[in-house]
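Note sheet for the following structure.
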Amino acid sequence: MRSSRKPVRRCHACLLNLGDRCWLFPHPRGQWQRGRWCRGFGNEERYREFRDWQKEPTVKSRKELRRDFFRAGKKTRRRWKRPVRGR
Ligand code: SF4
């Protein structure tokens, strides 16, 4: 079994589907195996927890702050120019 974190096709309409991963389960594929239905799909209690989680203020970790800084720096980076003398 492939242990991918990506949601499967049946997760398409689920609110907990974050695109590259599931908010609730580490292995979404396992939730749908052998004809089972995922316990998180359409579960209003889980959806409410997810909405509450979304409302929480986001605090970035040091690693995320550093990553954002360097990503922003790459876009605006310019070549250094030697100052012109005699003007
Ligand atoms: S909760 Fe279930 S249906 Fe929803 S994204 Fe996760 S695995 Fe898929």
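Any read-out appearing in this document is the output of simple, stated calculations on the displayed coordinates, not a laboratory observation. Keep in mind that this is a model prediction, so the values were computed, not measured. Because the Cβ atoms are built from the backbone with ideal geometry, glycine has one as well, and the counts that use them run over all protein chains shown.
Adding -39500 (n - 2.57) for every DSSP H run of four residues or longer, then dividing by how many residues the chain holds, sets the calculated 222 nm ellipticity at -10500 deg cm²/dmol.
For the peptides 63-70, 29-36, 51-58, residues were scored by their other Cβ atoms within 10 Å and the scores averaged per peptide; the highest-first order is 29-36, 63-70, 51-58.
With respect to the chain, whose longest principal axis is taken over its alpha-carbon atoms, helix 44-55 is tilted by about 10°. Between the amide H of Leu15 and those of Gly42, distances stay under 5 Å, these residues lying 5 or more places away or on another chain, with hydrogens modeled in the peptide plane.
Restricting the calculation to Cα atoms, the chain shows an Rg/Rh of 1.31 when the hydrodynamic-style radius is the Kirkwood one. Between the helical axis of 62-76 and the longest alpha-carbon principal axis of the chain there is an angle of about 50 degrees. Over the chain, Cα pairs under 8 Å with separation of 6+ residues give a relative contact order of 21 percent. Close amide H contacts of Cys22 (hydrogens built in the peptide plane, cut-off under 5 Å, sequence separation of 5 or more or a different chain): none are found.
Phi angles across the range 26-40 convert, under the Karplus curve 6.51 cos²θ - 1.76 cosθ + 1.60 with θ = phi - 60°, into 3J(HN,Hα) values of x, 10, x, 4, x, 6, 9, 6, 6, x, 7, 9, 5, 6, x Hz, Gly and Pro given as x.
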